[in-house]
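The values are calculated or read from the model by the stated rules, or taken from the named source; none is laboratory data. These numbers come from a predicted model, not from an experiment. All Cβ positions, even for glycine, are placed from backbone atoms using ideal geometry, and neighbour counts span all protein chains on display. Surface accessibility is based on the protein's heavy atoms, side chains included, excluding ligands, DNA and RNA. Shrake-Rupley method; radii C 1.70, N 1.55, O 1.52, S 1.80 Å.
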Amino acid sequence: MTTTRKSNFTAALRTTILMAALGGLLVVIGYAIGGIAAASGFLVLALIMNGVAYWFSDKIAIASARAKPVSESEAPQLYQMVRELTTRAGLPMPRLFVIPSDQPNAFATGRNPKNAAVAVTSGITKLLSEDELRGVISHELGHVRNRDILTQSVASAIGAMITWIAYLFLWFGDDDSSPLGLVANLALFLLAPISATLIQLAISRQREFSADATGAEICGNPESLASALLRLEEGAKAMPMQVNQATEPLYIVKPFSGGGIASLFSTHPPIDERVRRLRQMRPSLA
């Protein structure tokens with residue numbers, strides 16, 4: 001089995017396990033709430049959520065970030081950079097989006113390399129040098145080449161939908177005696193942390209280290225990404241960005257800080273450790 005076919009199989013297997021685990025969890029919650037009838041309803045909900053997550057996870061991530069497509073005439077330098085890096089990486093050209101935020105950040109999403117999308121914030125080009133931006137783009141292309149984006153996108157979409165459904169139940173069931181209020185409380189205090197655990201199992205911190213290493217290989221200079229990570233962390237702390245907590249794992253650095261439900265979905269390793277590993281690598285020839 002070739003490396004590419006093995007990576008595709010592994011990504012598909014992880015995604016299938018994640019979807020099955022979520023479906024089983026929803027059925028158990030439904031049975032606890034209302035027996036067989038509720039369990040059947042939650043099974044249908046799980047099937048719908050899994051289908052939507054697989055086919056529309058990239059659109060959910062893009063919509064959650066309020067990202068807008070950017071044309072080559074609007075961002076010629078960005079297109080030139082991404083085209084050069086995708087050629088070096090042996091990847092198709094992804095769709096490009098810009099997130100209207102001053103915080104410097106970026107993420108990649110999509111089902112596979114042919115359907116990949118890369119989104120960058122408007123603030124990232126103001127803070128980073130050209131070399132540092134190349135490092136960031138290369139990191140995101142590293143996720144694409146490593147076939148991380150399917151599992152990441154599906155997991156984040158599932159987490160986002162769980163969060164939205166929980167708040168929808170709260171909206172219609174704000175009375176503590178309401179059945180919807182009971183479902184909302186279960187979703188927020190039981191389902192959300194368990195789904196966060198599933199997401200953390202699906203998106204391990206090792207995948208960020210792997211994307212860093214692949215990105216350094218693609219751009220040819222580990223220091224470009226190392227320097228960018230340090231500046232991105234400073235920028236994220238200075239300008240926190242409001243995003244759906246479940247989509248936080250997609251970003252190259254955490255877009256916000258704090259505890260509560262936000263901390264449940266955190267899958268980023270410490271920036272200092274990422275930088276240390278990158279600086280142990282040797283630059284490759286262009």
Exercise for the section: Provide a single number: the residues in the stretch 116-127 that are surrounded by fewer than 23 Cβ atoms within 10 Å (Cβ to Cβ) and either hydroxyl-bearing (Ser, Thr, Tyr) or in contact with a helix residue (DSSP H, G or I) (Cβ under 9 Å, 6 or more places away or on another chain) (or both). Expected result: 5
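A quick yes/no check of all residues on (1) under 23 Å from GLN242 (Cα atoms); (2) hydrophobic (A, V, I, L, M, F, W, C); (3) open to solvent by less than 70 Å² (accessible area, probe 1.4 Å):
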| residue | (1), (2), (3) |
| --- | --- |
| GLU72 | no, no, no |
| HIS139 | yes, no, yes |
| ARG147 | no, no, yes |
| GLN152 | yes, no, yes |
Practice task
For the stretch 87-98, state whether one or more residues are farther than 14 Å from VAL144 by Cβ and open to solvent by less than 20 Å² (accessible area, probe 1.4 Å).
Solution key: no
Exercise for the section: Please specify each residue of the stretch 99-115 satisfying the condition of being surrounded by fewer than 22 Cβ atoms within 10 Å (Cβ to Cβ), in contact (Cβ under 8 Å) with a residue 60 or more places away in the chain and under 18 Å from GLU248 (Cα atoms). Expected result: SER101, ASP102
Handout entry: Out of ILE60, ILE48, sole residue that is among the hydrophobic types (A, V, I, L, M, F, W, C), surrounded by fewer than 13 Cβ atoms within 10 Å (Cβ to Cβ), modelled with pLDDT of 80 or more and out of contact with any Gly (no Cβ under 7 Å at 6 or more places or on another chain)
Key = ILE48
Exercise for the section: Please enumerate the residues belonging to the stretch 113-148 that are outside any strand (DSSP E or B) and of a type in the set (S, T, N, Q). Expected result: ASN115, SER122, THR125, SER129, SER138, ASN146
Problem - Failed criterion for ALA216 (all others in (1) surrounded by fewer than 17 Cβ atoms within 10 Å (Cβ to Cβ); (2) at pLDDT 60 or above; (3) touching a helix residue (DSSP H, G or I) at 6+ places or on another chain (Cβ under 8 Å) hold) - result: (1)
Fill in the blank from the handout: The condition of being at pLDDT below 90 and either over 16 Å from the mean Cα position of the chain (by Cα) or open to solvent by less than 60 Å² (accessible area, probe 1.4 Å) (or both) holds, among VAL253, VAL275, VAL243, only for VAL243
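Looking at ALA53, is it in contact with a helix residue (DSSP H, G or I) (Cβ under 6 Å, 6 or more places away or on another chain), crowded, with 17+ Cβ neighbours inside 10 Å, within 19 Å of PRO249 (Cβ to Cβ) and modelled with pLDDT of 95 or more?
Working: in contact with a helix residue (DSSP H, G or I) (Cβ under 6 Å, 6 or more places away or on another chain): yes; crowded, with 17+ Cβ neighbours inside 10 Å: yes; within 19 Å of PRO249 (Cβ to Cβ): yes; modelled with pLDDT of 95 or more: no.
Criteria not met by ALA53.
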